[in-house]
Amino acid sequence: TTGSMPDTTDNSETFKKASNQKELNGFPLMRIMTVMILKTRMILDVAFAPYKGKKTGESSLMIEILDRMKFDDIPYLFHFDALFYSVYLVHWLQNNGQFFLMKIRKSIKLKPIRYLKDGSYLAYVIKKVVDPSRSSKGYKRYNKEKIIVRVIEFKIVGFLPVRLITNILDESISARELVIQYHQRWEIEIGYFEIKTVQC
């Protein structure tokens, strides 16, 4: 989410304004990223950044939070909107033993490798990693690290089609159950409303 800041010179230089705002109009904007427990709408951690610039996007700020979270071998189930998708984030969650349900944009191509009985399918998310043993000065060679995700496509009448990916591969948990679970993500919007509009 984003929040308006007092319109001071320091805030404008540090946090920037939206690109559609003229220099003397509007307010500096701070990007705010949180991890929120959906059932209670309690915020576990938060990261702040300028509204625009390198390493200020949703995925980068989420990695910042995840890197300092202590999981104590307890897997969480993270819900992410489409803007969060990155190969790095998907691999981070998988490699750290965390589960995720993540909406992805139509432009992201995932080739089916096997269809499941409920209509979802398995696909690879591939991350390129520099191989120092095969690289030389000025020329990098890469290895491919693959993880399998489950892709769920669905459409609700009156809305655009949606694609989710998850590392929950257990077929006893149906695609329908995962779609219903993902709908809980809207609790975060209610949580932000309570903080930004009601409390503030």
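The values are calculated or read from the model by the stated rules, or taken from the named source; none is laboratory data. Quick caveat: nothing in here was measured; it's all calculated off a predicted structure. For neighbour counting, all protein chains shown are included, and Cβ atoms are generated from backbone atoms with ideal geometry for every residue, glycine included. Side chains included, ligands, DNA and RNA excluded: accessible areas come from the protein's heavy atoms. Shrake-Rupley method; radii C 1.70, N 1.55, O 1.52, S 1.80 Å.
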query = Which percent, to the nearest 5, of DSSP beta bridges fully inside the stretch 61-200 are antiparallel?
reply = 85 percent
remark   = Taking Cα pairs closer than 8 Å and at least 6 residues apart, the relative contact order of the stretch 50-200 in percent is 18 percent
request  = Compute the relative contact order of the stretch 46-110 as a whole-number percentage, counting only Cα pairs closer than 8 Å that sit 6 or more residues apart in sequence.
outcome  = 31 percent
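When only DSSP loop residues count, what chymotrypsin sites (Phe, Trp or Tyr not before Pro) in the stretch 114-199 have their Cβ near at most 15 other Cβ atoms within 10 Å? Before the final figure, lay out each step's value.
Details: sites: Y115, Y121, Y124, Y139, Y142, F154, F159, Y182, W186, Y192, F193; in loops: F159.
Hits after loop and neighbour filter: F159.
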query = Which three extents, in whole angstrom, do the alpha-carbon atoms of the stretch 96-155 cover along their principal axes, largest first?
reply = 49, 27, 20
ask   = Ordering R150, R68 from largest to smallest accessible area (1.4 angstrom probe), what's the sequence?
value = R68, R150
Dipole magnitude of the stretch 38-79, debye to nearest 20 (Cβ charges: Lys/Arg +1, Asp/Glu -1, about Cα centre) = 240 debye
ask   = Where in the stretch 47-96 are there chymotrypsin sites (Phe, Trp or Tyr not before Pro) that are in a DSSP coil and have at most 12 other Cβ atoms within 10 angstrom of their Cβ?
value = F71
ask   = Rounded if a/c is under 1.5, else prolate if a/b is larger than b/c, else oblate: which is the stretch 30-146, with a ≥ b ≥ c the root eigenvalues of its Cα gyration tensor?
value = oblate
message = Using the Cα centre of the stretch 42-200 as origin and beta-carbon charges of +1 (Lys, Arg) and -1 (Asp, Glu), tell me which of G158, F80, I113 is placed farthest towards the positive end of the dipole.
response = I113
ask   = Over all pairs of distinct alpha carbons, what does the Kirkwood formula give as the hydrodynamic radius of the stretch 82-200, in Å?
value = 16.5 Å
query = What ratio of Cα Rg to 2.2 N^0.38 Å holds for the stretch 144-200?
reply = 1.52
ask   = By its C-alpha gyration tensor, with a ≥ b ≥ c as the square roots of the eigenvalues, how is the stretch 134-175 shaped: rounded for a/c under 1.5, else prolate for a/b larger than b/c, else oblate?
value = oblate
request  = Leaving ligands, DNA and RNA out of it, rank L110, L164 by accessible area with a 1.4 Å probe, largest first.
outcome  = L110, L164
ask   = Near the amide H of H79, under 5 Å away, which other amide H atoms are found, from residues 5 or more places off or on another chain, if H is placed in the peptide plane?
value = L101
inquiry  = Mean-square fluctuation check for the chain, GNM, Cα pairs under 10 Å: which of E64, E177, E153 is largest?
reply    = E177
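Given the C-alpha atoms of the chain, compute the convex hull and give its volume per residue in Å³.
Details: hull volume 38.4 nm³, N = 200.
Hull volume over Cα atoms, normalised by residue count, gives 192 Å³.
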